[in-house]
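> Encoded as structure tokens, here's the structure I'll be asking about.
The values are calculated or read from the model by the stated rules, or taken from the named source; none is laboratory data. It should be emphasised that the depicted structure is a prediction, and the values quoted were computed from it without experimental measurement. Here the Cβ is made from the backbone with ideal geometry for all residues, glycine too, and neighbour counts use every protein chain on show.
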Amino acid sequence: MPERLGLGYQDLSKINPRLIYCHISGFGYGGPMEQVPGFDPNYVALGAVQGQIGLRSPGHPCPHH
């Protein structure tokens, strides 16, 4: 959590009172995957999409041809 690093809203709004602050989690808070980084490759792997992505020729993505 950003608060542990002194980067929570309460800390940062003291520096900039007009701050608009957003904090999100890729896999939610409190679940079994709470600490897993939320990046596209993780979502693709978990969604079993990897097998649907192919290459027409080296370096040219073309999943349907």
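> I'm told residue 13 meets every condition in (1) among the small types (Gly, Ala, Ser); (2) surrounded by 10 or more Cβ atoms within 10 Å (Cβ to Cβ); (3) modelled with pLDDT under 90 except one. Can you identify the failing condition by its number?
(3)
> Can you tell me which residue within the range 25-46, out of those that are surrounded by 12 or more Cβ atoms within 10 Å (Cβ to Cβ) and of a type in the set (Phe, Trp, Tyr), is farthest from residue 2 (Cα to Cα)?
The extreme case among them is 43.
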